[in-house]
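The values are calculated or read from the model by the stated rules, or taken from the named source; none is laboratory data. For clarity, every value in this text was computed on a predicted model and none was experimentally measured. Because the Cβ atoms are built from the backbone with ideal geometry, glycine has one as well, and the counts that use them run over all protein chains shown.
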Ligand SMILES: [Zn+2]
């Protein structure tokens, strides 16, 4: 019996980062369908090395990609409620050693790395299945780590192979019991610590072994330092915008009750509108910058600039336009997150 009943299922996108084998994709898809009753769509995300530069593992010298920017890229590429990224590249979290997968507890994106799964076809498939199940569990708000359950900690390949391949009775109960089952708009189990303690809470019962428990705020502040910087001078604006942001958040909650197909169209439309808004903003800002440059030149030197100077000004204006729209983007994101009381991507990340 799939975990979700037909009338209440989150939409899930499988986002591939770089070249991913057909077996990986079909296994992930099948796991989502048989375990959760979800028919996932596939989306192509960016290559990992276009997202960030890999760094050698301190233990093995293998090149590993930091997972936080990958999780963001996966969320960006997805048009569904939840997204699971698949990559053949090696990944890690916070500079620690290699991981097989990582998901934000109660968040929207997770990643599975098949980097060292290759051995035999059967083992490969089993490892992908376990990781997809486990990371979906994380996204649905299960943060626990215990034996006899697919959520067991698996720092090594052998440990992963020995891990139970399904959810234990208790975890399955939390996912299926009408009292606690994940429901829109958050798709998080009702008794999740994510809901009770809010973002930034410590991992309860953390086993204290390196890669496992990390604070949401650690991840958040790192990622958001550039984005929240513009918040300082515009705190007042944020206060004024509060009802507006709450309106958007209510709209999002309402949207998540619509049928999956309608939601996909809305998500897609939103992404297109967002893209063109910032494209137009870029052009407008570049023109304004050029206009300001010409006016300044005229005021200071009292003559019209020559062709070479104008070209130089155009290049500068394009640069200013580009960074200008990035800044506006950061401010909008920062205000929205700040007003709603914490980054939307908040949540503990767990392997
Ligand atoms: Zn369990």
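Checking the condition exposed (fewer than 15 other Cβ atoms within 10 Å of the Cβ), modelled with pLDDT of 90 or more and either assigned by TED's automatic domain parsing to the domain that holds residue 96 or more than 13 Å from the ligand (Cβ to nearest atom) (or both), which residue from 204, 196, 162 passes?
162
Answer yes or no as to whether residue 127 is within 16 Å of the ligand (Cβ to nearest atom) and buried (at least 17 other Cβ atoms within 10 Å of the Cβ).
So residue 127 does not fit the description; no.
Which one of 149, 116 is more than 12 Å from the chain's Cα centre (by Cα) and more than 16 Å from the ligand (Cβ to nearest atom)?
Testing whether each residue is more than 12 Å from the chain's Cα centre (by Cα) and more than 16 Å from the ligand (Cβ to nearest atom) leaves just 116.
Out of segment 163-182, which residues are outside any helix (DSSP H, G or I) and touching a helix residue (DSSP H, G or I) at 6+ places or on another chain (Cβ under 9 Å)?
163, 164, 165, 166, 167, 180, 181, 182
Looking at (1) within 30 Å of residue 259 (Cβ to Cβ); (2) away from the ligand (no atom under 13 Å from the Cβ); (3) at pLDDT 95 or above, which one does residue 184 not meet, given that it meets all the others?
With respect to (1) within 30 Å of residue 259 (Cβ to Cβ); (2) away from the ligand (no atom under 13 Å from the Cβ); (3) at pLDDT 95 or above, residue 184 is out only on (3).
Within segment 52-72, how many residues turn out to be surrounded by fewer than 23 Cβ atoms within 10 Å (Cβ to Cβ) and closer than 24 Å to residue 272 by Cα?
So the count comes out to 2.
Condition test on residue 50, is it farther than 30 Å from residue 176 by Cα and outside any helix (DSSP H, G or I)?
Judged against the criteria, residue 50 is not a match.
Taking segment 183-193 as the region of interest, how many residues are crowded, with 18+ Cβ neighbours inside 10 Å and out of contact with any helix residue (DSSP H, G or I) (no Cβ under 7 Å at 6 or more places or on another chain)?
Matching residues across segment 183-193 total 4.
Is it the case that residue 71 is outside any strand (DSSP E or B) and touching a strand residue (DSSP E or B) at 6+ places or on another chain (Cβ under 6 Å)?
yes
Which is over 28 Å from residue 166 (Cα atoms) and in contact with a strand residue (DSSP E or B) (Cβ under 9 Å, 6 or more places away or on another chain), of 10, 54?
Exactly one residue qualifies, and that residue is 54.
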